[in-house]
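Here is the structure we will look at.
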Amino acid sequence: MKKGLLAVLLFCLGGIVTAQDINYRQTIRGTVVDEQSGNVLSNITVTIEGIPTIASITDSTGAFKLLRVPIARQTIIASNIGYEMAIIQHIEVTSSKEVVIEIRLKEKIKKLDEVIVNSGRPKNRALNDAALVSARQLSVDEAFRYSGTRNDPSRMAQNFAGVSGTNDARNDIIIRGNSPSGVLWRMDGIDIPNPNHYSTLGSTGGPVTILNTNTLKSSDFITSAFPAQYGNALAGVFDLRMRNGNNEKYEFLGQMGFNGFEVGAEGPLNMETKSSFLVNYRYSLVAAIQAVGLSVGTGNSTPYYQDASFKINMPTKKAGTFSWFGLGGESHINFPADEEDNLYASNDGTLRDRKFKSLTGVTGLTHTYFFNPGTSGKAIVAVSGFKSKYDEQIVEANKPGKPSNNTNYQQVKYSAGYTFNKKFNAKNQFTAGFVADMTRLTLNKEFIRDGDSTLTRFVDINKSTSLLKAFTNLGHRFSDRLSSNLGIYYQFFTLNNTWSIEPRWNIKYQLKPNQSISFGTGLHSQTQPLEVYFYQSPGGALTNKDLDLVKSLHGVLGYDISFSRYLRLKAEVYGQYIYDAAVERTRSSFSMLNAGADFYFPDKTNLVNDGNGYNYGAELTLERFLNKGFYWLVTASVFESKYRGSDEIWRSTAFNTHFVTNILGGKEFKVGSKSALGIDTKLAFAGGQPYTPFDLDASETVGYVKFKEDEAYSLRHNAYWRWDFKFSFIKNGKRATQKWYVDFQNVTNNRNIYLQTLNPKTGGIGRIDQIGFFPNINYQITF
């Protein structure tokens, strides 16, 4: 293992080249738009802080260009009478790629008052101006810089207050004690399926992301009381945006790391129309990682995966802007029967050969058109698909394999919608829209139930259903210091004619230029995981088909203070009440509120909407933004998450770890005029995961694993903690920029438990730990 790791390090470090002592320069360009209307702004002055000789004024298309900018981290300032000043801090400028950005300015109500907005759109504020509470931006720069993220937006979000990330094997986003299945993924205004490899129908996480940070730009992450534009979600929203390709210059990328071998290209399609393309492809590197003796948490099995993403942006002179994007991935793995490898041990102790394959993809076309400077419309059409296949066989000596599970799931979703946006003036903005999702499901599943010996047909359906969604939102600014949004969301599920009308409201008051308080509340609902509606009872009846939507009432109060331009503190307290949760008709501790953080959903029939739950807690974020090469972030959350099944007993949910704390920090050191060395670290500490104890006597009697369901989630694993340490190096050459990093994850090799297993034949209890010490090595070249 040591020789293999050394060889990889020498290969990466061997690519470091020296360059002549030349002061390299680069171009920063982009567009300035009105924050509320989204329309371009002309006559905006854009400058580089500290370099007054480099400046530009936006033209009639809102475009600006800053030439011959020294390579380093630079701060951009955009200003104009009548608009709040924007300061975008510490943009990384390299020799190989132009920096293309979008700057959003907010119109002043009192034109003579100067209000400064630090960081352009501060990271504690969402890009969606209707999201005033429990929202912040996620930048691509942070995803690369922070230790332990593996270039994965989901793992990046796990650093934020209120988000738990205590499962090294999966990137599920657990927000404020909610199930990760309550998270909504959105890309460029279109709801998308689970963007992860090895995903299953209805889940939202997985071991490896399909998303590519090289194709993304700053996006919104919202954890509570989200505005009316978002629906069919209970826990949170990840509103992603894919960047456009460079429309003036061809640029290329090569990368190698944990997520795979990657190549990418971007450039203009037509110089005159400013159309552009962006495309990336990635293939698994895990086989190579295992070859040098490192474990990735899959036992003796090797996962294979590949993914691709693209975007074509086509502005026109009179017909608006057309944008076409797509992303998708394929993954497969085989877990052979192995007595020494009990990573996925069976409930009855038999050896089983398992094969799993999944395919996920989405493509969408958007058309944005401005009727006038303050009025626009955006039309969307999209097609997404998901397919998974799982085959399992019982393996016994001198006998042919016996099928024990055959699952084939396929979903195709067609979406169409339209959003209308009207900015009446600096005070008032009206937004309304609708989306229709038509889903075609082909689901087939048969398996041997515990204690049985023959296959039972559990799901067998070929059916279409639709989810119709509509919203309206009115944003009003009473003054430059006080703003509010009032909205209504509606959805109708045609499978069983269930519906929900959901009011949403938030308000924010600027106490002082550096202090604000905010409050948000709203009702939210979500369909059950689609496969659950079609579970067959032993008699063949679909006893879950009439399940209602599960609902949640959110309330959150926040306080934000900036001690300086680079240091801020944010605190929030929140409460959530969940009702109409799916539980068993007969008395039991089961609730669907505990599902969603695994590769499957519980095979429960005869469910009814009689369950409840609640979450409440407090969060604190103390952050020093990057300045003079130094940053740090401290997030702390304490919370309680409870549920009640049909037995009417309140219990901890499966996600009630009580507390989560993250401490991150880093420092960049300039090495000459063209290189930089970075040191970053992260310490994560969280409460132990609740679990249900085994019923040893019952398991021995029936011959398969049984749990003490009347003691559900009454026990707790030891607390989780992990320390990551990362070294990075950037080298700018005349035509290329190279980046290396080595991220030592779990440097102390701490044994964080993943789960316990029981062999009912022997009564032996086993323990499976999460990933131990793991050096994640990444190399990137852009030119």
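Can you give the accessible area per residue of the range 364-480, in Å², using a 1.4 Å probe?
Details: 5630 Å² over 117 residues.
The answer is 48 Å² per residue.
For the chain, what does the helix formula give at 222 nm: sum of -39500 (n - 2.57) over DSSP H segments with n ≥ 4, over the residue count, nearest 500 deg cm²/dmol?
On the way: 5 runs with 36 residues, N = 783.
Calculated at 222 nm, the ellipticity per residue is -1000 deg cm²/dmol.
Assuming R0 = 35 Å, can you tell me the calculated FRET efficiency for the pair ASN627 and THR748, based on Cβ-Cβ distance, to the nearest 0.05?
Values: r = 30 Å, r/R0 = 0.86.
It comes out at approximately 0.70.
If you stretched the chain out fully between PHE669 and ILE561, how much longer would it get, using 0.36 nm times the residue separation minus the C-alpha to C-alpha distance? Numbers along the way, then the final one.
Numbers: separation 108, 0.36 × 108 = 38.88 nm, distance 2.90 nm.
Answer, rounded to one decimal: 36.0 nm.
Angle check, please: helix 2-13 long axis (alpha carbons) against the longest principal axis of the chain (alpha carbons), in degrees 0 to 90, nearest 10.
The angle comes out at about 20 degrees.
What is the spin-label model distance, in nm, from LEU696 to TRP650 if the labels are put 7 Å beyond Cα along the C-beta direction?
Computed distance between label sites LEU696 and TRP650 equals 3.3 nm.
Using only the alpha carbons, work out the radius of gyration and Dmax of the range 440-520 in angstrom.
Calculated on Cα positions, Rg and Dmax stand at 23.9, 71 Å.
For the range 349-484, what ratio Rg/Rh do Cα atoms give with a Kirkwood hydrodynamic radius? Intermediate results must be reported in sequence, preceding the final value.
Working: Rg = 24.9 Å, Rh = 19.4 Å.
Ratio value, two decimals: 1.28.
Report the accessible area of SER637, computed with a 1.4 Å probe over the heavy atoms of all protein chains in place, in Å² rounded to the nearest 10.
10 Å²
Could you compute how fast the range 618-672 diffuses translationally, taking Rh as the Kirkwood radius over C-alpha pairs and applying Stokes-Einstein at 25 °C with viscosity 0.890 mPa s? Give it in µm² per second.
After rounding, the answer is 172 µm²/s.
Please report, to one decimal in angstroms, the Kirkwood hydrodynamic radius of the range 151-297 built from all distinct Cα-Cα pairs.
When all Cα pairs of the range 151-297 are included, the Kirkwood radius is 16.9 Å.
First obtain the Kirkwood hydrodynamic radius of the range 181-248 from its Cα pairs, then insert it into the Stokes-Einstein equation at 25 °C and 0.890 mPa s, and state the resulting D in µm² per second as a whole number.
Working: Rh = 13.0 Å.
My calculation gives 189 µm²/s for D.
Check TYR24: other-chain or 5+ apart residues with amide H under 5 Å from its amide H, H built from backbone geometry?
For TYR24, whose amide H was placed from the backbone, the distant partners under 5 Å are ILE71.
When the solvent-accessible surface of protein heavy atoms is calculated with a 1.4 angstrom probe, in what order do LYS318, LYS97, LYS512 fall, highest first?
On the way: LYS318 180, LYS97 50, LYS512 115 Å².
Largest accessible area first, the residues go LYS318, LYS512, LYS97.
Please report the accessible area of TRP650 (heavy atoms, 1.4 Å probe, ligands and nucleic acids excluded) in Å², nearest 10.
100 Å²
Efficiency by 1/(1 + (r/R0)^6): what FRET value for TRP324 and THR61, r their Cβ-Cβ distance, R0 = 22 Å, to the nearest 0.05?
Working: r = 21 Å, r/R0 = 0.97.
In this case the efficiency is close to 0.55.
Wrap a convex hull around the Cα atoms of the range 394-450, take a quarter of its surface area, and give that in square nanometres. Working shown, then result.
Working: hull surface 32.7 nm².
Convex hull of Cα atoms, orientation-averaged projection: 8.2 nm².
Give the separation of the Cα centroids, the range 573-638 to the range 686-739, in Å.
Comparing the Cα centres of the range 573-638 and the range 686-739, I get a distance of 16 Å.
Say R0 is 45 Å: what FRET efficiency, to the nearest 0.05, do THR273 and MET438 get from their beta-carbon distance?
Values: r = 33 Å, r/R0 = 0.74.
Rounded to the nearest 0.05, the efficiency is 0.85.
Please give, to one decimal in nm, the separation of the simple spin-label points placed at TYR579 and ASP603, each 7 Å out from Cα toward the Cβ.
3.4 nm
Rounded to whole Hz and in sequence order, give me ³J(HN,Hα) for the range 204-218 from the Karplus expression 6.51 cos²θ - 1.76 cosθ + 1.60, θ = phi - 60°, writing x for Gly and Pro.
10, x, x, x, 9, 7, 8, 5, 10, 5, 6, 10, 9, 10, 3
Carbon-plus-sulfur fraction of the accessible area of the range 521-624, 1.4 Å probe, in percent?
It is 57 percent, rounded to a whole number.
May I ask you to give the percent of accessible area on the range 364-480 that is carbon plus sulfur, with a probe radius of 1.4 Å? Could you put the intermediate results ahead of the total?
Details: 3250 of 5630 Å².
About 58 percent, which is the carbon plus sulfur part of the accessible surface.
Mind checking the per residue accessible area of the range 232-280 for me, 1.4 Å probe, whole number of Å²? Can you show the working numbers first?
Working: 1750 Å² over 49 residues.
Heavy-atom accessible area per residue stands at 36 Å².
Output needed: percent of Cα pairs per 10 Å distance bin for the range 658-783, bins running from 0 to the one holding the longest distance.
All Cα pairs, binned at 10 Å, distribute as 11, 27, 22, 17, 12, 8, 3, 0 percent.
The values are calculated or read from the model by the stated rules, or taken from the named source; none is laboratory data. These numbers come from a predicted model, not from an experiment. Note: ideal-geometry Cβ built from the backbone for every residue, glycine included; neighbour counts use all protein chains shown. Note: accessible area is taken over every heavy atom of the protein model, side chains too, but ligands, DNA and RNA are not part of it. Shrake-Rupley method; radii C 1.70, N 1.55, O 1.52, S 1.80 Å.
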